[in-house]
Amino acid sequence: MTYFDFELTHCPVELSLDIINRKWVLQIICDMFFGKTRFSEFQKERPEMSNKALSRSLKFMEEQGLIKKDADEYFLTPKGKSLNKVIYDLVEFTLDNNKEFYDEKTMMKAKEGFRKQLLDQSY
């Protein structure tokens, strides 16, 4: 990759997308920012996700260092917590660019709610 006056052997965007573009990863991390920590809570929040898919996603996230498991609960690692700004930026981008789905009041409430959960917590 030669965007600069030096060579990068691996594109940082591609490396990030290899992790966060995996199905369910960002959704599970977002659920964790909203207090979900147990397998059953992830299942309840995302009934369309099979147990097998959830197990695979959690295992992948552990292998990538995004989460850790302690007994029967999962917790974000510092690496996982560092995605808070990325997720908030995606939320803000979506709300700002899909106004046909949201009235102004709902959009502002959603931004505020996500901001509180993703940016105002002390991680």
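Would you please name the residue that is farthest from Thr37 (Cα to Cα), looking only at residues in region 65-101 that are in contact (Cβ under 8 Å) with a residue 40 or more places away in the chain and either open to solvent by less than 60 Å² (accessible area, probe 1.4 Å) or β-branched (Val, Ile, Thr) (or both)? Filtering first and then ranking leaves Val86.
Table: residues versus (1) more than 25 Å from Glu112 (Cβ to Cβ); (2) among the polar types (S, T, N, Q).
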position	(1), (2)
Cys11	yes, no
Lys23	yes, no
Leu26	no, no
Cys30	no, no
Phe33	no, no
Arg38	yes, no
Ser50	yes, yes
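Flag: Phe101 does not match the condition of being aromatic (Phe, Trp, Tyr), within 23 Å of Gln121 (Cβ to Cβ) and either modelled with pLDDT of 95 or more or assigned to a loop (DSSP other than H, G, I, E, B) (or both). Residues in region 1-41 that are surrounded by 16 or more Cβ atoms within 10 Å (Cβ to Cβ) and outside any helix (DSSP H, G or I): Trp24, Lys36, Thr37.
Taking Lys111, is it surrounded by 10 or more Cβ atoms within 10 Å (Cβ to Cβ), in a helix (DSSP H, G or I) and either in contact with a Lys or Arg (Cβ under 6 Å, 6 or more places away or on another chain) or among the basic types (Lys, Arg) (or both)? Yes.
The values are calculated or read from the model by the stated rules, or taken from the named source; none is laboratory data. This one's a predicted model, so the numbers in the text were calculated from it and none came from an experiment. Note that we place each Cβ from the backbone using ideal geometry, even for glycine, and neighbour counts take in every protein chain shown. These accessible areas exclude ligands, DNA and RNA; they are computed on the full protein's heavy atoms, side chains included. Shrake-Rupley method; radii C 1.70, N 1.55, O 1.52, S 1.80 Å.
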